[in-house]
Every structure is written in C-alpha cells, then in structure tokens.
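Scroll down for the structure; my scribbles are underneath it.
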Amino acid sequence: LNVTEGKSVMDTLAGCIEYKSLLDVVVNAFFVRDGRCCLISERNLYIVICYLATFQLEELGLQQFSRIVKSLDTAKMQKFLRFFFNALYLNTWIKDEWSQFYDSLYVKENWIDPLLRWQPKVQQLIEQLTDILSNRTATVKSSTVTRPKEFNLTVPKPRAIPIPLPIPPLEKRPPVPPSTYKPPKEKKQLEEIKTRNRRKAEDLLLKANTNQFRCATMKPEKGEVCYKILYYLKIPQEIVPFFPQYLEVVWELVLRQYFEELQIDNIPIKLNAAAILREGALYQRKMEQELKRIENLLRGAGDPSEFLEWQKQMRGKDLEEQLTEIECRRLQGKLSHEEAVLAHQNVTQENKKKADLMREEKAELMHQYAEKRLQEQKEMRELVEQVVEGHKNAKQAKVKLQKYKQQIVQEVCEENRELLRQALEEEEEKLRKRYELIQQIRAIECLPSLRHKFVDLTETGGHGLICEMSIVELRERLALLREAQKAAEEEKRDQIIHEKQAKEQLLLDKLDQISLFRAELGRAAALKQEEKKRKSQSGDRPMKDERILNLQKKIVEKTMERKKQAGLL
C-alpha cells in the first residue's frame, strides 16, 4: 500500500479499537436477530462496515462507500445494511445503548442524526444490492426434476363388514377391603413411640437444668474421709461441693499423711540445680518468717492464729455468697434467653403480616408501571414518525455538506503527504548520524591498549580518604585483632570455670540446709498429726438459696410457655 492507503487503513483500525463498545452493541444484536446464519469468523467484517458507516461516511462519500460494499459479498452486505439503517432501530434501542457509554445529546447530534440523514441514500444502495441478488437467482438454470408415475394396479374389491361378536358379561369383582382407606397400625405405633421418647427427652432436659451441679458432689464414702481432713487443713466445708478440684487436693493430702505414718519421707530424690535453689529459697523464706514471728512475740505481740481462723471463716462465707451470686446471674441469663425466644416468635408473626402488605403494594406498583410503559412506547412511535418526516426535506443540505467535507478531506490528505515526506527526511538524517557515530566507536575499539597492570601491596589506593591503608598494613592489623580476640576468649573461659565451681559449692551448701529443714519439718508434722487426731469434724451442709430456687421455677415456666407458642406456630 502507498502512504495514503496505509494511513487510512491504520485510522480505520484505530477507530474500531477506540469505539469497540459501540460497534459491539450493533454487531451482537445483528447476530442475534438477522444474522443467525452468518459465521462468527465474519464478525470483524461487520465491525469495519459499521465503523465506516457511522464515523467515516461523511469523509468517504456515498460513492466510495458503495464501491467498498459492492466489492464484498452482496447477500451479507444487503442483510447488514438493511438491519443497521433501520430508522426504528436507530431511534430506539441503538440510541439507548450508545447513551450508556456517551452523553445522550452528544450521541443524537453527532451519530444518530447523520445516520438518519444518510438513510434514504443508503436505502437506494440496499435496493441495488437486492436487485443484484434477484437477477443472480433468476439466471440460475433450472434442472429437470424426475416426476414419478403411478403404477397401474388392480383395484381391490371392498371387504365385507364382519358380524360383531357378542360381548361376554364381566365377572363380579370382589369389593375393596376397608383396610385400604385406613392408616396402617405400624404408623400409629411409631407415632406413639415418638411421643413417648419426646416426653422422656423433655423430662431429662428439665432434670438436667434443675440439677446442673450435681456432677460435682462427692460420694458418701469419699465424703466422710474428706470432711475429716478438712478440719485438719482448716478449709471451709462449704467450698467443696462447688469446687470439685478441691477433692484432688484432699486425696493428695490423705496419701501424703499415709506415707508420713509409714515413715517414708526420707526417700532420696534426685534434684537438679533449679529445684535445689527453689527449695532452698522456700526454706529460707520460711525461716525468716518464723524468726520475725518470734521477734514479734518477744516484743509483746499476740498470737494471730485466732485472727487467721476468723479470716478463713469470713473468706468461706464470702466465697459462698459469690457462688450464689454467680448461680443467680447464670439463671437470670437463661431466663432472659427464654424471654428473647418468645419475643423473636412474636416478631416473626409481625414480619409475616408486613410481608403480605408489601406484596400487595408491589403488585399495585407493577400494574402502574406497565401502564406508564405502554404510554411511553406510544409517544416514542409518534416522535419517530415526526423525525422521519423532517429528514425528507433535508436532502439538498446534505449534498452540499458532503461536497464541502470531501473538499476538506482532499486538503487534509495533501497536508499529510507533506508531513510524511518531512518525517522521512528527518529519520534518514538521524540514521546517517548514528551510522557515523558507530564507525567512530569501532575505530576507537580497534586501538591497542595496556592490559597488564602492576600492583604494589605497600601502596594505598590514592582515593584521598583519611582511613586509607595498604594491603600489607591491613594484614598486620588483622593479625593483631586475632591475637586480641584469642586472649579475650582465654580470659572468658577461666571466668566461666571459676563461676561454675562457685555455683557447685553453693548447691552443696543448699543441699545440707535442705536436709536439716526436712528433718525438722518431719518432726513438726508428726506432732501436728497427733494433735489433729484428737479433734473431730462438725457442721451442716448449706441449703440452696431462695433466689436460685425462684429463678429455676421461673425458667421452667418460661420454657413451657415457649413450647406452647412453638406448637401454635
């Protein structure tokens, strides 16, 4: 192609890419409606024709556009142009679809109105294509068709009508058994079993809700032993039913007492360093507390054992009150849950009523919208008819405008040729200068150069820095650093050895101190055990709080009310 033709082809390609969304609307609708039998591979052909008809028809002119169309397949072009230049389509859905991408006023003035002005002339082109197709079909030679002839066969005689056989009487059928219309017994039995199982499940749920902490109670045989030891440990009896973890502590103390009676406290146990230090610190802290207590007694202070006993009792009461308060809160939360379920069921009924009202309103609105839509379509048809009548009187103005635009196109083409010629000259000048520069670089590369460089290890780099040094000096400094690092490592190793010996001596001293404390504590425990055996346990188990019983009763009532409400729903 020459420069002008190549530029026009590139402009067409760029326009098809730029306005792809608009062209796809028309071409996709063509394949759905009139082009169902057309090939998908011919899609780009219809896109180019649509672009030329929409954006380039004023510049090309009808004669050049007709030449392009007639050079292609006549049937395909006739079908596509008849679809695209349909005035009803242009004023209705094509305009609406294009208005989704660009402003509706811009679409109407720049694209839809020019297409409607060209529509009569393009209609003449469509008629020419239709005539070509009709002439082509008329010139097709008609082939002779073989016509079959009927065989001369003998007409058969009509058959005689046979005498009908007598209809035998039907046997009397047995009546339908009554069990057919009755439900089977198995179904009734299954319903009864299901009802019984549901009642059992409700009873179990009620018992589980009322006796939630029963799993934490002790067995009677374990309780007697535990309550005997509680007295020696000075632990309130009210804590045990609510904290099952105390049972493990009690049994551990029982086993420890049993082993103390068997005098097996002096079994040697292997201890690590952390355990020795920890136990030594414990005994040291106990010894300091004991010395402080003796000093306070010498100064005239009283024995705090009575105060501690009273403090334990008060703490037990506080703990019992806290547990009661926690149980009340839990039951209140459960009661609020039941009330929330009832409120949710009421809200569900109200929502159903609102939904019915909304359906009725929606049906009324849909009816009004349908009537409004029919009125708009009627007004649109009248507007299209008025626009078509107005375009019939504008043919002369279109011819003058087309001649003026063709003249402008010719002037623009001449200017483009001059600009292309100047661009080619500038590009040739750039290539010539680049070629000369490459020749100079290659000549410089061909010159011989010194490839061997002698290095003096005692000289510096000469970069002008304060910290510059030669390679020899660097090696000497590295050797000094290695010697200093080695001396520091030896010193650190000796220090670690001394610290380890001191720690071992400290552990040995701690072990001696621990053995002495254990012997003394063993004797003290034996004396204390003898005193505990002389005492007995007394006290009654607490009763449940009245608030808890009232809340449990309310929960049961709310549960029954919720089940009745669910059955009604």
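The values are calculated or read from the model by the stated rules, or taken from the named source; none is laboratory data. None of these values were measured; they are calculated from a predicted model. Counting neighbours? That spans all protein chains shown, and the Cβs are built from the backbone with ideal geometry, glycine included. Side chains included, ligands, DNA and RNA excluded: accessible areas come from the protein's heavy atoms. Shrake-Rupley method; radii C 1.70, N 1.55, O 1.52, S 1.80 Å.
Normalised per residue, the accessible area of the range 3-136 is 51 Å², obtained with a 1.4 Å probe and no contribution from ligands, DNA or RNA.
When the accessible area of the range 3-136 is computed with all protein chains present and a 1.4 Å probe, what percentage of it is carbon and sulfur? The nonpolar share, carbon plus sulfur, comes to 54 percent. Our summary of shape: the Cα atoms of the range 393-529 have principal axis extents of 133, 75, 25 Å, ordered from largest down, in whole angstrom.
Of the trypsin sites (Lys or Arg not before Pro) found in the range 1-53, those that fall in a DSSP loop while having at most 10 other beta-carbon atoms within 10 Å are ARG33, ARG36. Average accessible surface for the range 295-447: 88 Å² per residue, computed with a 1.4 Å probe over protein heavy atoms with every protein chain in place.
The chymotrypsin sites (Phe, Trp or Tyr not before Pro) of the range 403-495 that meet both conditions, a loop assignment by DSSP and at most 10 other Cβ atoms within 10 Å of the site Cβ, are PHE454. Plugging the Kirkwood radius over Cα pairs into Stokes-Einstein for the range 3-136, at a temperature of 25 °C and a viscosity of 0.890 mPa s, what D comes out in µm²/s? For the chosen part, D equals 160 µm²/s.
Between SER8 and LEU516, the modelled labels are 11.9 nm apart [label points 7 Å from Cα along Cα→Cβ]. Label-to-label distance for ILE163 and ARG373 is 7.2 nm, based on points extended 7 Å past Cα in the beta-carbon direction.
Restricting the GluC sites (Glu not before Pro) of the range 1-96 to loop positions (DSSP other than H, G, I, E, B) with no more than 10 neighbouring Cβ atoms within 10 Å leaves nothing. Computed extension length for ALA201-LYS292: 26.4 nm, one decimal, from 0.36 nm per residue of separation with the Cα-Cα distance subtracted. Listed by chain and number, the lysines placed with their C-alpha closer than 30 angstrom to that of LYS312 are LYS219, LYS222, LYS228, LYS234, LYS286, LYS292, LYS528, LYS532, LYS533, LYS535, LYS544; residues fewer than eight positions away on the same chain are left out.
Hey, for a label at ASN346 modelled as a point 7 Å past Cα toward Cβ, could you say which residues of the range 548-562 have their backbone N under 14 Å away? Residues 562 fall inside that zone. For a straight C-alpha distance cut-off of 15 angstrom, the aspartates and glutamates reachable from LYS95 (same-chain residues fewer than eight places away being disregarded) are ASP24, ASP103, GLU109, ASP113.
Excluding same-chain neighbours fewer than eight residues apart, the lysines reachable from LYS7 by a Cα-Cα span under 26 Å are LYS20, LYS70, LYS403, LYS405, LYS430.
How large, in percent, is the carbon and sulfur part of the accessible surface of the range 280-412 at a probe radius of 1.4 Å?
Taking all protein chains in place, the range 280-412 shows 55 percent carbon and sulfur surface.
Spacing of the modelled spin labels on GLU150 and LYS528, each 7 Å from Cα toward Cβ, amounts to 13.2 nm.
Roughly how many Å is it from the Cα centre of the range 404-428 to that of the range 105-184, as a whole number? So the two Cα centres are separated by 62 Å.
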